[in-house]
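Novice: So that we are looking at the same thing, I have put the structure below in structure tokens.
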Amino acid sequence: MSNRTFQCRPIIPSKRPLDANAVEPSICNDLASLIYRSSHRRLLTSREYFELDDATEQLLNKDWMHEPQVKFACAQVLAGAVLMNVSNGEAILVNTVETYGGTKSADIHRELPISSNMSILTTKPTYANIWPHIRSTRDGSKLVIVTQTCTALITSIVRLDQSEEPKVGPSSCHFAASPQYTKIFIDQVSWTKAKKIESNASTRTIEPFNLIGQARQLRSQFHHPTTYYLCRASSDATLFSHLQPCTVFSYCDYEGATKSMDNENASMIASRLFHRIAYSVIHSPSEAHIDKNFVVSLHDKCKNNGKIKKLFGDLLHLFGDDTDMPIIGNSHLNNQILQHMAAFMSPDISKANETVAKHIQKQLRLY
């Protein structure tokens, strides 16, 4: 341990008498033991970690309304973190994480304070105002880290205590997180990047590249500006776009078996609409709009008369005689078209994420 930063170095053990009755512990309850035993040892020893401390706790609990740039820093600081359950030895590496505000004013997609979600917050946590846990939702169990001001949803992980394929997707959780038994180790590079983001009040993205990959996986409220917050961060090992979970905004860039764009499925064509919408809002929320001719071209690309093509037809009808349509504040666009389209895309996105998991596994083997 140097200052607060953990560095793994080999230790040559002294000789000791052989005890035939001795049983080697099977649970790793500290980072050094975990790294030594992990199949991802080479990756872990190439990084520096420190256990979540007061400074990190303060950052994760800062007020988004007072310091808007903090939403991006909160995602960045958890990217690449190691979470370890000290009661059973389970441990994961956080590949991708996205943050959500805690109030309606901060984020339309905040978690609602229902009793099933709030009960866990009565538990005394290992770290002040930090509650990692598994949250049950209608879409499945999700791994989250809740603070006083935000919720971090972890959407891509890899197990470190045993060999498993990476898990990709918001409900692909295979880790027993709890406020009492989960230790969190922060990647030093992520911490440095997060502090730089926090110090710049004009920050509006986490990275200057692949902006669409920083949009969260959402299926509603596409007429609200907070839907387009770019507060999804990935670890250095999974920073390339093909190593990140697909969303309605990014699925159109998913690489299939061929480079041809002639045989795109309906979900991929729909994703081109969301892709265009997102960039339009990112560029200028107040002036963001959809062009009718662009929608016509997407409608014509759909090969069959399925549900998504019908929605494109309904969208064209919604234009009437206008050649463009506003996005922000347009509840008809959201309620009648986009929310339904996003729901129909979900199975294809989930299938694509299975391929993303395989890409991550190949990437991690390079270390």
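Novice: Give the angle, between 0 and 90 degrees and rounded to the nearest 10, that separates the Cα long axis of helix 188-198 from the longest principal axis of the Cα atoms of the chain.
Specialist: Result, in degrees: 50.
Novice: May I ask for the angle, rounded to the nearest 10°, between helix 266-283 and the longest principal axis of the chain, with both axes built from Cα atoms and the value confined to 0 to 90°?
Specialist: 90 degrees
Novice: Can you tell me the relative contact order of the range 66-208? Whole percent, Cα pairs under 8 Å, sequence separation 6 or more. Don't skip to the answer; put the middle values down first.
Specialist: Working: 287 pairs, mean separation 51.1, N = 143.
Once divided by the residue count of the range 66-208, the mean separation gives 36 percent.
Novice: Now, a different point. Rounded, prolate or oblate: which one fits the range 31-202, using the alpha carbon gyration tensor with axes a ≥ b ≥ c (rounded when a/c is under 1.5, else prolate when a/b beats b/c, else oblate)?
Specialist: Working: a/c = 1.72, a/b = 1.24, b/c = 1.38.
Since a/c reaches 1.5 but b/c is at least a/b, the shape of the range 31-202 is classed as oblate.
Novice: Here is a follow-up. Give the cross-link partners of K183 among the lysines, using a straight C-alpha distance below 28 Å as the criterion and excluding same-chain residues fewer than 8 apart.
Specialist: Those lysines meeting the cut-off are K62, K71, K124, K142, K167, K193, K195, K196, K358, K362.
Novice: Give, in nm to one decimal, the length gained when the segment between K362 and N200 is fully stretched (0.36 nm per residue of separation minus the Cα-Cα distance).
Specialist: On the way: separation 162, 0.36 × 162 = 58.32 nm, distance 3.56 nm.
Length difference between fully extended and current span is 54.8 nm.
Novice: For the chain, with a Gaussian network of springs between Cα atoms less than 10 Å apart, report the residue from N85, N95, N210 with the top mean-square fluctuation.
Specialist: The residue that fluctuates most here is N210.
Novice: Nearest 500 deg cm²/dmol is fine: what mean residue ellipticity at 222 nm does the chain get from its DSSP H runs of n ≥ 4 alone, each adding -39,500 (n - 2.57), divided by its residue count? Write down the numbers at each step before the final one.
Specialist: On the way: 10 runs with 110 residues, N = 367.
Only helices count here, giving -9000 deg cm²/dmol.
Novice: Next question. Take the alpha carbon atoms of the range 46-64, find their center, do the same for the range 345-367, and report the distance between the two centers in whole angstrom.
Specialist: 28 Å
Novice: Another question, then. Using r as the Cβ-Cβ distance of S136 and T103, and R0 as 25 Å, what FRET efficiency do you calculate, to the nearest 0.05? Could the numbers behind the result be given before it?
Specialist: On the way: r = 22 Å, r/R0 = 0.89.
Calculated transfer efficiency: 0.65.
Novice: Any idea how far apart F294 and F240 come out in nm if each label point goes 7 Å out from Cα toward Cβ?
Specialist: About 2.9 nm, to one decimal.
Novice: Which one is right for this structure if percent of Cα pairs over 28 Å apart is calculated from it: [x] 76; [y] 47; [z] 68?
Specialist: [y]
Novice: With everything on Cα atoms, drop me the angle between helix 339-364 and the longest principal axis of the chain, reported from 0 to 90° to the nearest 10.
Specialist: The angle comes out near 40 degrees.
Novice: Need the list of lysines near K301 for cross-linking: C-alpha distance under 23 angstrom, and skip anything on the same chain fewer than eight residues off.
Specialist: Within the straight-line cut-off, K301 pairs with K259, K292, K309, K310, K351.
Novice: Can you work out ³J(HN,Hα) from phi for every residue in the range 199-204, in order, using Karplus 6.51 cos²θ - 1.76 cosθ + 1.60 and θ = phi - 60°, giving whole Hz and x for Gly and Pro?
Specialist: Each residue's phi maps through the Karplus curve to give 7, 10, 5, 8, 4, 10 Hz.
Novice: Would you kindly state how much longer the chain becomes between H174 and A32 on full extension, computed as 0.36 nm times their sequence separation minus their alpha carbon distance, in nm to one decimal? Intermediate results must be reported in sequence, preceding the final value.
Specialist: Details: separation 142, 0.36 × 142 = 51.12 nm, distance 2.20 nm.
Extending this stretch completely gives an extra 48.9 nm.
Novice: Reachable aspartates and glutamates from K104, Cα under 19 Å, same-chain residues fewer than 8 places away excluded?
Specialist: D63, E67
Readers should treat all values here as calculations from the given coordinates under stated rules, not as data from a laboratory. Keep in mind that this is a model prediction, so the values were computed, not measured. Positions of Cβ are backbone-derived with ideal geometry, glycine not excepted, and every protein chain shown enters the neighbour counts.
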